[in-house]
Structures are given as structure tokens and as C-alpha cells.
Amino acid sequence: MSLTLDGTEHHLMRTPYRARRELLATAISPTERVRVPPAFDGSLDEAIAHARAERLEGVLAKRLDSIYTPGRRSQQWIKIKPRTDQSVIVIGWRTGPDGKLRSLLVAVPGADGELHYLGRAGSGIAPGDIDDIARTLAGIERKTPPVARIPDADRRDARWVTPTLVGEVAYSELTPQGRLRAPSWRGWRPDLSASDVRWEGAGALPTP
């Protein structure tokens, strides 16, 4: 990596990130197509809040003293995505080809009091917890889904439960269809009953 400035070529591979930014800002005159993006110097919490408000994918945190390491992942630069926690009611589960539990189907009460389907949470389930979760859900299994509007793709091979157990997920955002984007299972919430669960996200759930 190099930069020519005032006729002098600067080799920047070992130059700290802060100095590279300063040189780049000096070398480039902003136009409609080319500019050095502004850096956010506040706290991480402030940066994540700003990213969420602007509906950005996340924050790229860089150490100011980091050097450039092409072609290699580095803990000096870390991508952090905003995540929001939400209490949910488990309404069923789906299994994989091996017959093991693969994802949980979750919902929350809508403004009308009816359960609103939020989607499937598969990531975040620890391998050691899979059998215990499956046994717990098998004890409250029922034949029909407790939610009226569930996409056919999610209904396929699903097993349903009486909606009494509460867990928690983390997600990146709510889609226009009213589904959680990238939900991750955080675990059970034995301190909550199904009647305690409310939609906690910004804005209202879309009307089915």
C-alpha cells in the first residue's frame, strides 16, 4: 500500500491507521464520487446507536494504531452488528435430516392480543442443549399450530407446542414482513410467563 503526495511516495503498510487516514484526507479533495468517510470517535455504544438509527448494517471498529495486513483477518479491525434482545414465546420446533432439533419457531402477542409469528431461531442453540430443549418441548406438544399465519416453508416438518414457554432471542432488525432478521437463541426465561411477553422493538408489528 502506497500513496503519492506532493511528489513523494509514502509506503504505508506499516503505518498506523490514524496516520494513514490523515494522509488520505490530505491527498483527496472530496467530490460526489470520492471522499474519505468520516470516522466516529465516540463510544462503541454511541456508534452502535447511530448505526441502528441510520439503519446501517453495523460498525467497523478499528484500532488507531493498527497496521494494514492484506489478505488476513485481524482482531485489530472488528465488524460489530447492532443486536436487540426480545422475549419470545416458543410455539414449535423443526428438526434437521438427522432428526435432531435444528430451530425454534417463536412468536409474540400483537396489538390485538393474538400471537404474531416472528420466525425461526436456529443459531445460538448450544449442541449440548439440543436434547434437553427437545425433551422439554415434547412434553407440551400439540397437533396444530397456535398461530394462524405461518409461511408454508416454516410449517413444513414443524412440530407444535402449547405456547406457554418463554425464551429470549437477539436479532438485528424487524423485516417489513414482521420477521426477525438473523435471530439467535439466548436461552429460556423462566422468570417470565407467556402473559408477560410484549413486543419490545421500535415501532409496531406490521398488521397481518
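The values are calculated or read from the model by the stated rules, or taken from the named source; none is laboratory data. On a predicted model such as this, the values are computed, not experimentally measured, just so you know. Here the Cβ positions follow ideal geometry from the backbone for every residue, glycine too, while neighbour counts run over all protein chains shown.
Quick grid of which residues meet (1) at pLDDT below 85; (2) under 16 Å from ARG179 (Cα atoms); (3) out of contact with any helix residue (DSSP H, G or I) (no Cβ under 8 Å at 6 or more places or on another chain):
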position: ALA61; (1), (2), (3): no, no, no
position: LEU64; (1), (2), (3): no, no, no
position: GLU114; (1), (2), (3): no, yes, yes
position: LEU118; (1), (2), (3): no, yes, yes
position: GLY122; (1), (2), (3): no, yes, yes
position: GLY139; (1), (2), (3): no, no, yes
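With the structure loaded, tell me whether ARG135 is over 13 Å from ARG102 (Cα atoms) and of a type in the set (Lys, Arg) or whether it fails that test. It is true that ARG135 is over 13 Å from ARG102 (Cα atoms) and of a type in the set (Lys, Arg). Taking the criterion of being at pLDDT below 95, crowded, with 16+ Cβ neighbours inside 10 Å and either over 25 Å from the mean Cα position of the chain (by Cα) or of a type outside the set (Val, Ile, Thr) (or both), the only residue of region 141-164 that qualifies is ASP154.
On the basis of being surrounded by 16 or more Cβ atoms within 10 Å (Cβ to Cβ) and either over 30 Å from ALA158 (Cβ atoms) or touching a Leu at 6+ places or on another chain (Cβ under 8 Å) (or both), does ILE48 make the cut? Yes.
Across region 176-208, the number of residues qualifying as in contact (Cβ under 8 Å) with a residue 40 or more places away in the chain and assigned to a helix (DSSP H, G or I) comes to 2. Please verify whether region 18-26 includes one or more residues that are within 29 Å of ARG181 (Cβ to Cβ) and outside the structural domain of TYR171 (by TED's automatic domain parsing). Checked against the condition, which is being within 29 Å of ARG181 (Cβ to Cβ) and outside the structural domain of TYR171 (by TED's automatic domain parsing), region 18-26 yields no hits at all. Set side by side, the residues ASP45, ASP98, ASP41 differ, and just one is charged (D, E, K, R), out of contact with any Pro (no Cβ under 6 Å at 6 or more places or on another chain) and within 30 Å of VAL197 (Cα to Cα), which is ASP45. Assigned to a strand (DSSP E or B), surrounded by fewer than 17 Cβ atoms within 10 Å (Cβ to Cβ) and either among the hydroxyl-bearing types (Ser, Thr, Tyr) or under 17 Å from the mean Cα position of the chain (by Cα) (or both), is that true of GLY167? So GLY167 fails the test.
Of everything in region 15-43 that is more than 22 Å from THR69 (Cα to Cα) and of a type in the set (Lys, Arg), the residue that is surrounded by the most Cβ atoms within 10 Å (Cβ to Cβ) is ARG35. Taking first residues from region 34-46 that are within 11 Å of VAL59 (Cα to Cα) and partners that are among the acidic types (Asp, Glu), the Cβ contacts under 8 Å between residues at least 6 apart in sequence or on separate chains come to PHE40/GLU46.
Selection of region 48-72 for residues being under 21 Å from the mean Cα position of the chain (by Cα) and over 16 Å from TYR17 (Cβ atoms) yields ILE48, ALA49, HIS50, ALA51, ARG52, ALA53, GLU54, ARG55, LEU56, GLU57, GLY58.
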